[in-house]
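Some notes on the structure that comes next.
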Amino acid sequence: MIHDTLIAPFVEFAFMRRALVGALALALGGAPVGVFLMLRRMSLTGDAMAHAILPGAAIGFLVYGLSLPAMTLGGLAAGFAVALLAGLVARVTVLREDASLAAFYLVSLALGVVIVSLKGSNVDLLHVLFGTVLALDDATLYLLASVATVTLAALALIYRPLALECADPNFLRSVSPRAGGIVHLIFLALVVLNLVAGFHALGTLLAVGLMMLPAATARFWSADVTIMTIVAVAVGAVSGYAGLVLSYHAGLPAGPTIILVAGGFYLISLVAGSAGGLARSLWPGRHLEA
Amino acid sequence: MAEPALRFDDVTLAYDRHPAVHHLSGRIEPGALMAVVGPNGAGKSTLLKGIVGVMNPASGSIARGPSARRVAYLPQLAEIDRSFPMSVYDLVAMGLWGRIGLFGRIGRKEADRIAEALAAVGLSGFERRPIGTLSGGQMQRALFARLLLQDAELILLDEPFAAIDARTSADLLDLVRRWHGEKRTIVAVLHDMDLVRRAFPETLLIAREPVAWGETAAALAPENMLKARRMIEAFDPNAHACHRDAA
């Protein structure tokens, strides 16, 4: 009975196994990046950049059809371009980075949808907007796994300066003048990489889902970055698995169901979280002696 | 004469071309204990940023001598994101950056030094506390512990005693005196004139332009204070390009 519900779908169908591996890879790479996005107050930046990837991927689609390398390279190029342009506009003009990102992503999203519609059908459009987590081929799985590997290695490498750049950038600059800028660029590159990975499985609209929802969930359970990261990865992985099982039995679309499960974890944590959740602030208990 | 710790050569530091520090020249000797005072907006913090290298001069140059290679900088309290989940221990441990860098492990010796620094500022037992839960004075103590670990030859303090109770500032001032005794060079931005007269032998009075620089009692003479107070704080939006020759 339990076996039938929880394990059989994956034993029986290869596409379910592939989807599970893909979701786990996304959680492994994306959730830690999401934690740092949140701590840098860039949660919405991730969202904006996810949309900005679309026109690049769409041009790849226009030229080569549903080709993994073309859409990946296009998405990466567009993501980097928008990240750098938004930073540049913020530094050179009066517009702040968040406002310029909002401008860029609206234009990008519209442009991407128009480009896909030029050649493709509505099915293709749904494909790029919401992804195809149940149709991941070998190449895509390798891509997702590689992105997760690169992300974890790079984060381990820049962990110390990145945390410092978030908390006390002036101190970092005083001990190492160039580290801050380099670390920021590496981090942005990781964000784009993970968004492109997320794009293949979950589409441009939900790519940030396995990044930000687990991160925001984890914040309600710990005030320690390491523990937060571990919780976020766990929440992402469990959401991926539970979402797939739920979508299989209830006949729901897989990608959105995964995100909904992550959203469920977020809501529960929002209420019950031990580190700053709603219940804690409504019923804090009697005050202590000292 | 020995090489100065810091030499300013006609330095102008500007925001969007408007000068915040205008044509400053002079030198700071190794081992100096110097206060920088002046009205709000006089360019005091900007000067420190120029010395650290966070900001580059619009013209002129700032040279650090061989006795000021290792620099430690205490920014104003407000510039640190205290909502970032970091423990007091981690914050203070980063003072060892010069030694442990990106990957260095905090070994037995380092851990002892961190514990020593925390004890020196009276924060033993605070190791695991997130920095967000500290009071203003406790936070400043933690930042001084980090300065201790940095073991710098040149120490720059931006309003180290602002909004801090008497006991804490007395404790921290003792640390400053200890550094002075160890022949480190110290430059501190301060607002408390009594404290400056009491504890700092040398003072730079600045109001965008340098007003007076030298022995504290002379620099803070009434006529100089009056002159500094007359500084016009607002930028002139129609200001012309400055063509003053290097002195």
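The values are calculated or read from the model by the stated rules, or taken from the named source; none is laboratory data. It should be emphasised that the depicted structure is a prediction, and the values quoted were computed from it without experimental measurement. Note that each Cβ is placed from the backbone with ideal geometry, even for glycine, and that neighbours are counted across all protein chains shown. Keep in mind that these areas ignore ligands, DNA and RNA; they rest on the heavy atoms of the full protein, side chains included. Shrake-Rupley method; radii C 1.70, N 1.55, O 1.52, S 1.80 Å.
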**Report entry** Among residues of segment B:65-94, those that are in a strand (DSSP E or B) and either over 15 Å from the mean Cα position of the chain (by Cα) or of a type in the set (Phe, Trp, Tyr) (or both), counted
**Finding:** 2
Report summary line: Counted residues in segment A:168-186 being at the interface with chain B (Cβ under 7 Å from one of its Cβ atoms), assigned to a helix (DSSP H, G or I) and surrounded by fewer than 21 Cβ atoms within 10 Å (Cβ to Cβ) come to 1
Query raised in the report: How about segment B:25-73: which of its residues are of a type in the set (Lys, Arg) and either in contact with a helix residue (DSSP H, G or I) (Cβ under 8 Å, 6 or more places away or on another chain) or within 14 Å of chain A (Cβ to nearest Cβ) (or both)?
Result: B:Lys49, B:Arg64, B:Arg69, B:Arg70
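Within segment B:1-59, considering only strands (runs of 3 or more DSSP E) that don't extend past its boundaries, which have at least 3 residues that are of a type in the set (Ser, Thr, Tyr) and open to solvent by less than 10 Å² (accessible area, probe 1.4 Å)? Please lay out each step first, then the result.
Working: elements: B:6-15, B:18-28, B:33-37.
Passing ranges: none, list empty.
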Report task. Quick one: which residue in B:Arg108, B:Arg128 is within 12 Å of chain A (Cβ to nearest Cβ) and more than 17 Å from B:Ala188 (Cα to Cα)? Result -> B:Arg128
Query raised in the report: Which condition number does B:Leu143 fail, the rest of (1) away from every other protein chain (no Cβ under 12 Å); (2) open to solvent by less than 20 Å² (accessible area, probe 1.4 Å); (3) not β-branched (Val, Ile, Thr) being met?
Result: (1)
Query raised in the report: What single numbered condition from (1) at pLDDT 90 or above; (2) in a helix (DSSP H, G or I); (3) facing chain A (nearest Cβ under 9 Å) fails to hold for B:Trp97?
Result: (1)
Requested in this report: Check segment A:84-94 and report whether any residue there is crowded, with 18+ Cβ neighbours inside 10 Å, part of a helix (DSSP H, G or I) and among the hydrophobic types (A, V, I, L, M, F, W, C).
Outcome: yes
Requested in this report: Spot the failing condition for A:Ile186; the list is (1) farther than 27 Å from B:Gly98 by Cα; (2) modelled with pLDDT of 90 or more, and only one is missed.
Outcome: (1)
Query raised in the report: Any idea which residue in segment B:81-94 is surrounded by the most Cβ atoms within 10 Å (Cβ to Cβ), counting only those that are under 29 Å from B:Gly31 (Cβ atoms) and within 9 Å of chain A (Cβ to nearest Cβ)?
Result: B:Leu91
**Report entry** Selected residue [part of a loop (DSSP other than H, G, I, E, B) and either in contact (Cβ under 8 Å) with a residue 40 or more places away in the chain or open to solvent by 40 Å² or more (accessible area, probe 1.4 Å) (or both)] from B:Ala152, B:Ala119
**Finding:** B:Ala152
Query - Members of segment A:15-60 found to be open to solvent by 50 Å² or more (accessible area, probe 1.4 Å) and hydrophobic (A, V, I, L, M, F, W, C), listed by number - result: A:Phe15, A:Val21, A:Leu24, A:Leu28, A:Leu44, A:Ile59
